[in-house]
Amino acid sequence: MNPTLNGASAHAFAHHPGYRRMFAADRLTLGIFLPLRFYRGDMAVLTGQAALVSDIDRLGFAGVWVRDVPLYDRHFGDAGQLFDPFAYLSYLAAHTRRIALATGSAIFALRHPIDLAKAACTIDQLSGGRLVMGIASGDRPVEFPAYGLDHAERGERFAEAVNYFRQLLHKGDHPIESTLGQMSGAQLLPKPVGSAIPLLVTGSSRQSMQWLGEQADGWLTFPDATENILGPRRLAEKIRAWRESIPGGGFRPHVTNEWIDLDANPDFPRTAMQGGYVLRTGRKGLIDLLGEWQDAGVNHAALGIQFCQRPAAEVIQELAEEVLPSFASHEGPLPLRQDW
């Protein structure tokens, strides 16, 4: 078996437009999680979403996130954003110019690494180097038997897929030996715009903290409680433990997310809703939370506005005008060619 390829520190992505748009040490940027409204049995709920994503890009947000939910399990919950994440990011790449395009998260334990790498490198090229990949081992048990896979083996398959994926991105023709396949005398094309695509591991993905420290280009975790300072303090401890496990130190980004219901009253207090799954707050409370996350070591916050009672366009505009200036996106290198 080929040797494991470790995660990379920030200098490896110094010229990566998507990574640099989102991440810098001791700073927090903002992204938006799609869909902007949940599917409730009618595809029309997604009408006009790409136009709003164009606005999100124009207004200066750092990233837009799409989810990977192959099958809808009505007992599990929502249907995700419905569209295949890679096909939809290709579509959004044509509607945007600067914003990072992020998966949150691509299920590496379900999809074969060749297919993952082919789709990822295609989007990276089409977008001029704007793809950032959140990756995960999968959390919907119904999907695994549908793929002919054992749910209990998802951790091992995930780690093997990460290694295989990274080898595919190397330039030239290099043999690959893996439990997921053997490749010789061939190579994957296209390659990414740069030397690699950032892989942000979601949660533990059934790996050890040592593995996460060695392998993850970044870490995406749930935020803990958000209605008061206690949750951000616990999150800070978790981030600190992960960064201490990174061999040789060096900066690697942390990402978290929250579903919010942004109240029109800017002073509305941070209030946990739906058992803590949703945070209802005015913009002042949101700004306080984002500042607490930044102090905790979070580098990017992906906000889902699916539960907002106000129109999506109105919420996006308020976030851009009142919140984004305190957590501005990084300029970084411009995307490369996008005239395909």
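The values are calculated or read from the model by the stated rules, or taken from the named source; none is laboratory data. On a predicted model such as this, the values are computed, not experimentally measured, just so you know. A quick note on method: Cβ atoms are made from the backbone with ideal geometry, for glycine too, and the neighbour counts reach across all protein chains shown.
Here are a few things to note about the model shown:
- Residues that are assigned to a loop (DSSP other than H, G, I, E, B), farther than 23 Å from residue 291 by Cα and in contact with a strand residue (DSSP E or B) (Cβ under 9 Å, 6 or more places away or on another chain), drawn from region 200-221: 205, 207, 216, 217
- Against the criterion of being at pLDDT 95 or above, more than 30 Å from residue 334 (Cα to Cα), under 21 Å from the mean Cα position of the chain (by Cα) and surrounded by 23 or more Cβ atoms within 10 Å (Cβ to Cβ), residue 137 qualifies.
- Taking the criterion of being free of Cβ contacts under 8 Å to residues at least 60 places away in the same chain, surrounded by 13 or more Cβ atoms within 10 Å (Cβ to Cβ) and either within 19 Å of residue 127 (Cα to Cα) or of a type in the set (D, E, K, R) (or both), the residues of region 36-59 that qualify are 49, 50, 53, 54, 57, 58.
- Counting only strands (runs of 3 or more DSSP E) that sit completely within region 270-340, zero hold 3 or more residues that are loosely packed, with under 14 Cβ neighbours inside 10 Å and on the phi > 0 side of the Ramachandran plot.
- Filter result (surrounded by fewer than 24 Cβ atoms within 10 Å (Cβ to Cβ) and more than 20 Å from residue 219 (Cβ to Cβ)) within region 161-177: 167, 168, 169, 170, 171, 172, 173, 174, 175, 176, 177
- Leading residue by the ranking (surrounded by the most Cβ atoms within 10 Å (Cβ to Cβ)) among those in region 1-35 that are polar (S, T, N, Q) and touching a Ser or Thr at 6+ places or on another chain (Cβ under 9 Å): 29
- Residue count, region 210-242 (criterion: of a type in the set (D, E, K, R), touching a residue at least 12 places away in the same chain (Cβ under 8 Å) and out of contact with any Lys or Arg (no Cβ under 7 Å at 6 or more places or on another chain)): 4
- Any pair with Cβ under 9 angstrom, 6 or more apart, that starts in region 246-258 at a residue that is among the hydroxyl-bearing types (Ser, Thr, Tyr) and ends at one that is surrounded by fewer than 15 Cβ atoms within 10 Å (Cβ to Cβ): 256/222
- Number of positions in region 270-280 that are farther than 13 Å from residue 304 by Cβ and in contact (Cβ under 8 Å) with a residue 40 or more places away in the chain: 4
- The condition of being in contact (Cβ under 8 Å) with a residue 24 or more places away in the chain and over 14 Å from the mean Cα position of the chain (by Cα) does not hold for residue 62.
- Scanning region 56-99 for residues that are out of contact with any Phe, Trp or Tyr (no Cβ under 7 Å at 6 or more places or on another chain), β-branched (Val, Ile, Thr) and in a loop (DSSP other than H, G, I, E, B) yields a count of 2.
- Region 175-191 residues that are among the acidic types (Asp, Glu), paired with ones that are at pLDDT below 95 and surrounded by 12 or more Cβ atoms within 10 Å (Cβ to Cβ) (beta carbon under 7 Å, 6 or more apart): 177/2
- Hey, residue 76 within 30 Å of residue 211 (Cα to Cα), in contact (Cβ under 8 Å) with a residue 40 or more places away in the chain and under 17 Å from the mean Cα position of the chain (by Cα) or not: no
- Members of region 181-195 that are among the small types (Gly, Ala, Ser) and not in a loop (DSSP other than H, G, I, E, B): 181
- Inspection of region 222-245 finds a residue satisfying the criterion of being in a loop (DSSP other than H, G, I, E, B) and closer than 20 Å to residue 138 by Cβ.
- Selection within region 127-152 - charged (D, E, K, R) and touching a residue at least 40 places away in the same chain (Cβ under 8 Å): 130, 140, 143
- Test set (1) over 23 Å from residue 197 (Cβ atoms); (2) outside any strand (DSSP E or B) - residue 251 fails condition number: (1)
- So residue 293, is it of a type in the set (A, V, I, L, M, F, W, C), under 20 Å from residue 134 (Cα atoms) and in contact with a Ser or Thr (Cβ under 7 Å, 6 or more places away or on another chain): yes
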